[in-house]
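Since the structure comes first, as structure tokens, the remarks are kept for the end.
The values are calculated or read from the model by the stated rules, or taken from the named source; none is laboratory data. If you're wondering where the values come from, they're calculated on a predicted model, not measured in any experiment. We place every Cβ from the backbone using ideal geometry, glycine too, and count neighbours over all the protein chains shown. For accessibility, only protein heavy atoms count, side chains too; no ligands or nucleic acids. Shrake-Rupley method; radii C 1.70, N 1.55, O 1.52, S 1.80 Å.
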Amino acid sequence: MNAPLHVAVLYGGWSSERAVSLVSGEGVAAACEALGHRVTRIDMGRDVAARLADATPDVVFNALHGTPGEDGTVQGLLDLMGLPYTHSGLATSVVAIDKQLTKHELVPHGIRMPEGRVVASASLHDGDPMPRPYVLKPVNEGSSVGVAIVTDGSNYGQPIARDAEGPWRHFDRLLAEPFIKGRELTTAVLDGPDGPRALGVTELVTSTDFYDYDAKYTDGLTRHICPADVPAAVAAACCRMAADAHRLLGCRGTSRSDFRWDEEAGEAGLFLLEVNTQPGMTPLSLVPEQAKLIGMSYEALVQAILDEALFRA
């Protein structure tokens, strides 16, 4: 039986993922209370430092998604305040939320990722940055916020029209990557006494064109196949690449790596797309689902993440 803790659950905030963070945070808070811990819920605002100082928690469970909770900002604040907190630290958060920086860290170590280039959004109206089909996504947003697939048959125009709705209207810079046909796979990693452990592989079958923000968080739009019905070698490669990415980036607590797999190319068609250092903890989230697959309840998962944060502190 773990000693009761005073846990501050930090959630909400003002990012594009606020609504999801509120659900994650409430789930975590309820789990902490079920575990016998005292909980202070803090909806992230500009006064967060004062509220944390007043609360004086034993540990902060960071249930924020997107900026400023996932990009190193909150991590730096908590470091300055001397408060233990869950999930990855400042340096890892800065790198992992930036998809291009993540490539620079992982590709030299043999982790296969799509080649890409950062482009100014305004330049897209003069011509395509690479042959179609390709994907455009914000450089440093999570949860597939603002992703567009540009194909010959898309209604964006050739070149992309200035009045066409897409991420180029909301972000100054975008990452352009070749579109990889195939299947969406994801693998969660959890830190433990013996180091990072990949929990399993889930396939995401969506009723939309892409596993975007709506598909992730709207009930009924995505079917989870857990464990994924893929060859053992592909599942092993997902687990290996996810655990290696977690370790190489210096992730802590838990992370989730998202993959695209072109099954016609076999294992060589598996590409890591991004690493999420603050994966969701909602009823539709993948980390709790994969933890359940190995016999770990939601409450036990929350406790394991808390234990890692306190061990690190």
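If you go through the stretch 92-141 and pick out every residue that is part of a loop (DSSP other than H, G, I, E, B) and not β-branched (Val, Ile, Thr), you end up with 17.
Residue-level analysis places Leu77 among those that are in contact (Cβ under 8 Å) with a residue 12 or more places away in the chain, among the aliphatic types (A, V, I, L, M) and open to solvent by 20 Å² or more (accessible area, probe 1.4 Å). Taken together, Leu64, Leu78 contain a single residue that is farther than 21 Å from Leu175 by Cβ, modelled with pLDDT of 95 or more and either over 16 Å from the mean Cα position of the chain (by Cα) or of a type in the set (Gly, Ala, Ser) (or both), which is Leu78.
Counting only residues that are free of Cβ contacts under 8 Å to residues at least 24 places away in the same chain and not aliphatic (A, V, I, L, M), which one in the stretch 46-61 is most open to solvent (accessible area, probe 1.4 Å)? Of everything passing the filter in the stretch 46-61, Arg46 is most open to solvent (accessible area, probe 1.4 Å). Would you check if Ala235 is part of a helix (DSSP H, G or I), over 30 Å from Gly116 (Cα atoms), small (Gly, Ala, Ser) and touching a Gly at 6+ places or on another chain (Cβ under 9 Å)? Here the answer is no, as Ala235 does not meet what is asked.
Annotation: of all residues in the stretch 144-194 being part of a strand (DSSP E or B) and open to solvent by 30 Å² or more (accessible area, probe 1.4 Å), the one that is farthest from Val20 (Cα to Cα) is Pro178. Based on what the data block shows, is Glu308 assigned to a strand (DSSP E or B), in contact with an Asp or Glu (Cβ under 7 Å, 6 or more places away or on another chain), surrounded by 15 or more Cβ atoms within 10 Å (Cβ to Cβ) and of a type outside the set (Ser, Thr, Tyr)? Taking the combined requirement at face value, the residue does not satisfy it.
So, in the stretch 80-98, of the ones that are free of Cβ contacts under 8 Å to residues at least 60 places away in the same chain and farther than 16 Å from Ala313 by Cβ, which residue ends up surrounded by the most Cβ atoms within 10 Å (Cβ to Cβ)? Among them, the one singled out is Asp98. Among the residues of the stretch 2-17, just one is within 16 Å of Val60 (Cα to Cα) and among the hydroxyl-bearing types (Ser, Thr, Tyr), namely Tyr11. Number of residues in the stretch 35-87 that are part of a loop (DSSP other than H, G, I, E, B), polar (S, T, N, Q) and within 15 Å of Gly25 (Cα to Cα) equals 1.
Quickly run through the stretch 274-290 and pick out the residues that are crowded, with 22+ Cβ neighbours inside 10 Å and either part of a helix (DSSP H, G or I) or aliphatic (A, V, I, L, M) (or both). Of everything in the stretch 274-290, those that are crowded, with 22+ Cβ neighbours inside 10 Å and either part of a helix (DSSP H, G or I) or aliphatic (A, V, I, L, M) (or both) turn out to be Val275, Met281, Leu286, Val287, Pro288, Gln290.
Once the stretch 6-25 is narrowed to residues that are part of a loop (DSSP other than H, G, I, E, B) and open to solvent by 30 Å² or more (accessible area, probe 1.4 Å), the residue that is nearest to Pro283 (Cα to Cα) is Ser16. Residues that are β-branched (Val, Ile, Thr) and open to solvent by less than 20 Å² (accessible area, probe 1.4 Å) within the stretch 219-262 comprise Val234, Thr254, listed in sequence order.
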